[in-house]
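Read the figures in this text as sums done on the coordinates, not as results from a lab. In this text the structure is predicted, and so the values were computed from the model without any measurement. Here the Cβ positions follow ideal geometry from the backbone for every residue, glycine too, while neighbour counts run over all protein chains shown.
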Amino acid sequence: MRPVTRRQTDHHAARSAATRAQVVSALERLLDSGEAFSEISVQRILEEAGVSRATFYAHFHGKSDVLVRLTDELRESLLALARQWDPGAGDGADRFARFFEEVISIHRAHQGVLTAVREAAAYDSAIGDFYTADLEGFDETVLRTLLSEQAAGSAPADLDAVAASRIIVWGGAQAIAHHIRVDDGSGDTAFARELAQIWWHGAYRRPAGQ
């Protein structure tokens with residue numbers, strides 16, 4: 001038997017990556033067109049992507065797996081934004097507002113995907129675990145910054161950082177999702193500013209004893 005060469009291996013890997021991207025893009029197009037994730041069948045994805053059922057299952061366990069792959073890059077981009085947050089930079093509330101405007105912009109650009117994740121999380125354990133891990137990652141990032149601010153004496157010592165991070169992250173996620181559903185985008189700047197003020201003055205710079 002002829003040994004598999006490095007070139008053959010690389011070619012196979014490239015083809016597999018291209019196939020996965022083709023399927024993921026197909027699901028994104030379907031979601032962006034307004035189709036509900038629960039109503040999109042694997043067969044519908046196959047037809048949109050132009051791949052066989054055998055090819056699909058060679059790369060994915062099912063349509064939930066495709067949705068998780070689709071949101072992986074989006075989640076990393078949002079977490080990367082969170083990691084850049086530096087409360088000690090001097091213009092905290094204003095920087096927070098700009099941060100939230102960017103978050104809202106990303107959410108609007110991927111509204112179909114994020115709606116699908118929230119929808120599927122209610123009945124699909126794989127998506128539910130993914131959605132929870134996503135917010136938990138953001139929660140951990142915010143908690144670290146709150147604890148750092150407390151250690152530096154900038155945030156009040158009596159602040160319960162664990163509770164505060166949960167409230168502002170999980171509550172903020174729900175607030176952003178609702179805002180995008182009911183607002184046409186004209187209120188994004190005002191919404192980002194108010195959310196920033198609540199986070200900043202409610203936790204990061206809350207007066208001691210309040």
> Measuring from label point to label point, each 7 Å out along Cα→Cβ, what is the Asp183 to Asp160 span in nm?
Replying inline: 2.9
>> Give me, ordered by chain and number, the residues 5 or more places off Ala155 or on other chains with an amide H under 5 Å from its own placed amide H.
In response: Gln150
> Dipole size in debye (nearest 20) for the chain around its Cα centre, Lys and Arg Cβ +1, Asp and Glu Cβ -1?
Replying inline: 800
> Which value in Å is the Kirkwood Rh of region 141-210 over different Cα pairs?
Replying inline: 12.9
> When the Karplus curve 6.51 cos²θ - 1.76 cosθ + 1.60 is applied with θ = phi - 60°, which whole-Hz ³J(HN,Hα) does each residue of region 100-106 get, with x for Gly and Pro?
Replying inline: 5, 4, 5, 4, 4, 4, 5
> Which residue, Phe37, Phe60, Phe99, tops the fluctuation ranking in a GNM of the chain built on C-alpha contacts under 10 Å?
Replying inline: Phe60
> Sorted by packing (mean other beta-carbon atoms within 10 Å per residue), highest first, where do 126-132, 16-22 land?
Replying inline: 126-132, 16-22
> For region 33-50, in order, what is each residue's ³J(HN,Hα) by Karplus, 6.51 cos²θ - 1.76 cosθ + 1.60 with θ = phi - 60°, in whole Hz (x at glycine and Pro)?
Replying inline: 6, x, 6, 6, 4, 5, 9, 8, 8, 4, 4, 4, 5, 4, 5, 5, 7, x
